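Shown next, in structure tokens, is the structure this report addresses.
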Amino acid sequence: MYQPTRRQMLHTTTAAALLGSTSRPGHALAAAGDATKLPTPTTAQVRWQQCELGVIYHLDMPIIAGVDAPNNLVKETFDPKIYNPTKLDTDQWVAAAKAAGAKYAVFTGTHFNGFMQWQSDLYPYGLKQAAWRGGKGDIVGDFVESCRNQGIEPGVYFSTHRNAYQTVWGHYVDWGKGKGTAKQAAYNRIAEKQTEEICSRYGRLVQIWYDAGVKTPKAGGPDVLPIFEKHQPDSIFYSSSDRSDIRWIGNEAGHAGYPCWSTMPGRQRGGGVSHNTPSWRKCLHGGDANGTVWAPGMVDVPLRGHKAHDWLYRPGHDHSQESVERLMTMYDQSVGRNSNFIIGLVVDPEGQVPEPDMKRMQEFGQALRQRFSRPAGQTSGRGDSVTLKLPSPRRIDQVVIQEDITHGERVRRYTLEGLTGTDTWQKLAEGESVGNKRIERIKPIEVAAVRLHITERQAEPIISNLQVFEPVA
């Protein structure tokens with residue numbers, strides 16, 4: 001697994017954010033830089049980053065069949081008629097995301113077994129052949145509807161990298177040995193049709209997530225990108241060597257690097273944006289400050305990670321949830337470091353998110369809401385210095401900084417100062433890589449004002465939010 005080089009943290013940092021971009025490390029402050037050369041995000045990327053917190057739900061045929069295998073590594077297939085999760089309720093699933101404060105959610109339309117959890121005639125291994133709802137059920141459709149009813153952005157994950165029913169393992173048929181064969185070509189057409197069905201039936205999705213990426217036609221894979229772009233022009237594509245709107249952070253341990261830029265090396269078209277290339281592998285954890293491709297970080301981790309690492313349900317692991325304290329730390333080290341935080345939830349054989357997992361998500365959401373429940377002041381501004389004057393002196397312990405990233409990430413380095421006397425400014429923190437949101441945790445201090453001073457930047461900084469919070473008892 002990729003092991004990042006540790007980069008020195010500047011003071012204590014914890015946060016609730018997303019975003020980031022970049023270009024070159026800031027030159028002298030006097031040099032304004034060329035804003036026209038800064039990488040900028042698409043509307044879909046901004047929407048995804050501003051969601052901050054997401055949930056992904058895992059369910060597949062082996063779970064229904066009662067097969068206990070780590071992370072669903074099962075090459076066996078099953079009689080589709082046994083698929084009958086009698087208590088399946090996508091409203092209950094999405095309620096867990098809502099309780100945690102997540103803004104988007106993703107469901108595994110197919111996982112490694114290849115069982116299609118929507119209505120499809122592409123091959124006879126899916127909900128059309130199931131006992132559940134007389135073969136007429138559509139979990140993807142139910143999930144999307146549940147998300148929209150509860151104000152959550154829906155997304156869909158499916159795997160072209162493993163599909164046991166089609167003997168695909170490692171992207172190719174015949175358990176990885178069939179690249180370039182007629183059988184592979186037939187499977188590629190199936191994967192393209194799956195993409196079309198998912199992308200065209202359910203309205204705008206926040207993202208399409210191909211597990212481990214999808215091979216391009218040049219690499220012997222399906223030609224899915226044009227289909228995605230036709231039906232989901234305002235969605236996130238994740239990912240192939242031709243396009244990667246976001247990036248995996250390089251671990252499943254709950255942390256991004258610091259600083260963490262939203263740009264990566266390469267070209268958006270024609271290759272060079274693959275997680276498997278050396279230029280990307282070395283930058284996954286913290287991004288590339290010289291990057292030309294906007295691809296912010298995604299920190300994904302299973303909720304059942306305490307003495308386990310369960311993306312899918314396993315019996316006997318009902319008390320392996322991460323603690324609230326640990327989740328808060330992960331939040332600080334993902335959202336607080338300019339990345340999205342995505343929590344994996346299991347669905348049990350009856351079709352429910354288990355009660356202990358529901359409870360933990362509720363507790364986590366409550367802790368997040370409490371932490372940011374006492375805002376003391378807010379302002380915005382442009383230029384190298386932005387000052388927030390408080391109505392009266394307040395004791396604060398958190399500062400939120402946000403840039404308008406539609407114009408690129410312009411701030412390279414900054415200092416924060418607090419007015420502690422009539423004309424006494426005390427340094428509170430210093431750092432780099434602001435982006436959409438950066439939260440600085442500071443030692444509690446009473447101040448009458450807070451000043452953000454940009455010490456290095458690429459172009460005129462556009463600060464959309466400078467906000468401070470009082471400590472919560």
Original post:
Residue-wise, which Karplus ³J(HN,Hα) couplings in Hz belong to the range 204-219, taking 6.51 cos²θ - 1.76 cosθ + 1.60, θ = phi - 60°, and x for glycine or proline?
Top reply: 5, 10, 5, 6, 10, 10, 8, 4, 6, x, 10, 5, 7, x, 4, 9
Original post:
If we count every other residue with Cβ under 15 angstrom of ALA97's Cβ, Lys/Arg +1 and Asp/Glu -1, where does the sum land?
Top reply: -3
Subject >> J(HN,Hα) series, the range 174-188, from Karplus relation 6.51 cos²θ - 1.76 cosθ + 1.60, nearest Hz, glycine and proline x >> reply: 6, 6, x, 9, x, 4, x, 8, 5, 5, 5, 4, 5, 5, 4
**OP:** Any chance you could give the angle, 0 to 90 degrees and rounded to 10, that helix 90-100 forms with the longest Cα principal axis of the chain?
**Re:** 20 degrees
**OP:** Using R₀ = 25 Å, calculate the FRET efficiency as 1/(1 + (r/R₀)^6) where r is the Cβ-Cβ separation of THR329 and GLU430; round to 0.05.
**Re:** 0.70
**OP:** Express in nm, to one decimal, how much length is gained between ASN276 and HIS309 on full extension, taking 0.36 nm for each residue of separation and deducting their alpha carbon distance.
**Re:** 9.6 nm
Original post:
Can you give the translational diffusion coefficient of the range 380-469 in µm²/s, computed by Stokes-Einstein from the Kirkwood radius over Cα pairs at 20 °C and 1.002 mPa s?
Top reply: 166 µm²/s
Original post:
Given the Cα-Cα distance of SER373 and THR415 and 0.36 nm per residue of separation, how much length would full extension add, in nm?
Top reply: 12.6 nm
**OP:** At 7 Å along the Cα-to-beta-carbon direction for both ASN290 and TRP175, put a label point, then send me their distance in nm to one decimal.
**Re:** 4.5 nm
**OP:** Could you tell me the largest-minus-smallest coordinate of the C-alpha atoms of the range 98-154 on each of the three principal axes, in descending order and whole angstroms?
**Re:** 38, 23, 16
Subject >> Dipole-positive endmost among ILE198, ALA100, GLY178 within the range 52-371 (Cβ charges, Cα centre) >> reply: GLY178
Subject >> Student exercise, the range 380-469 dipole from Lys, Arg, Asp, Glu Cβ charges, in Debye to nearest 20 >> reply: 180 debye
**OP:** Please list the non-local residues whose amide H lies under 5 Å from the amide H of THR292, H modeled 1.01 Å from N, same-chain partners needing a gap of 5 or more.
**Re:** MET264, GLY266
Subject >> 18 Å cut-off, amide nitrogen to a point 7 angstrom out along GLU252 Cα→Cβ, residues in the range 53-75 >> reply: 54-64, 67-75
**OP:** Taking the Cβ of PRO62 as the centre, find all other residues whose Cβ is under 9 Å away and add up their charges (Lys, Arg: +1; Asp, Glu: -1).
**Re:** -3
**OP:** First measure r as the distance between the Cβ atoms of HIS407 and THR43, then evaluate 1/(1 + (r/R0)^6) with R0 = 22 Å and state the FRET efficiency to the nearest 0.05.
**Re:** 0.95
**OP:** Assign unit charges at the C-beta atoms only (+1 for Lys and Arg, -1 for Asp and Glu), then state the dipole size of the range 192-340 relative to its Cα centre in Debye, rounded to the nearest 20.
**Re:** 340 debye
Original post:
P(r) for the chain: what percent of alpha-carbon pairs falls in each 10 Å bin, starting at zero?
Top reply: 4, 20, 29, 25, 13, 6, 2, 0
Original post:
How large is the dipole of the chain about the Cα centre if only Lys and Arg carry +1 and Asp and Glu carry -1, each at its Cβ, rounded to the nearest 20 debye?
Top reply: 840 debye
Original post:
Ratio of Rg to Rh for the range 22-172, alpha carbon only, Kirkwood?
Top reply: 1.14
Subject >> Inter-label distance for ARG133 and ARG395, nm, one decimal - labels placed 7 Å from Cα along Cα-to-Cβ >> reply: 5.4 nm
Original post:
Considering the range 38-123, what Rg and Dmax in Å follow from its alpha-carbon atoms?
Top reply: 16.5, 54
Original post:
Taking the Cβ of ARG314 as the center, what net charge do the other residues with Cβ under 14 Å away carry, scoring Lys and Arg +1 and Asp and Glu -1?
Top reply: -4
Original post:
For the range 311-387, how big is the tail of P(r) above 21 Å, as a whole percent of Cα pairs?
Top reply: 46 percent
**OP:** For n ≥ 4 DSSP H runs only, could you compute -39500 (n - 2.57) per run for the chain, divide by its residues and tell me the 222 nm figure to the nearest 500?
**Re:** -6000 deg cm²/dmol
Original post:
What angle do you read, to the nearest 10 degrees and between 0 and 90, between the alpha-carbon axis of helix 139-149 and the longest principal axis of the chain?
Top reply: 30 degrees
Original post:
Can you list the residues, at least 5 places off or on another chain, whose amide H is less than 5 Å from the amide H of THR108, using H built in the peptide plane?
Top reply: TYR57, LEU59, TYR157
Original post:
Taking the Cα centre of the chain as the origin and placing charges on Cβ (Lys, Arg +1; Asp, Glu -1), which of SER334, ALA449, SER241 is farthest toward the positive end of the dipole?
Top reply: SER241
Subject >> Listed pairs LYS81/LYS307; LYS179/LYS282; LYS98/LYS307 exceeding 31 Å between Cα atoms >> reply: LYS81/LYS307
**OP:** Take the Cβ-Cβ distance between GLN150 and SER200 as r, set R0 to 22 Å, and report the resulting FRET efficiency rounded to the nearest 0.05.
**Re:** 0.40
Subject >> Computed label-point distance, nm, for sites LYS359 and ASN71 using a 7 Å Cα→Cβ extension >> reply: 2.9 nm
Subject >> Residue-span extension gain [SER380 to GLN366] - 0.36 nm each, minus C-alpha spacing >> reply: 2.2 nm
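Any read-out appearing in this document is the output of simple, stated calculations on the displayed coordinates, not a laboratory observation. These figures come from a predicted structure and were not determined experimentally. Cβ sites come from the backbone with ideal geometry, for glycine too, and all protein chains shown count toward neighbours.
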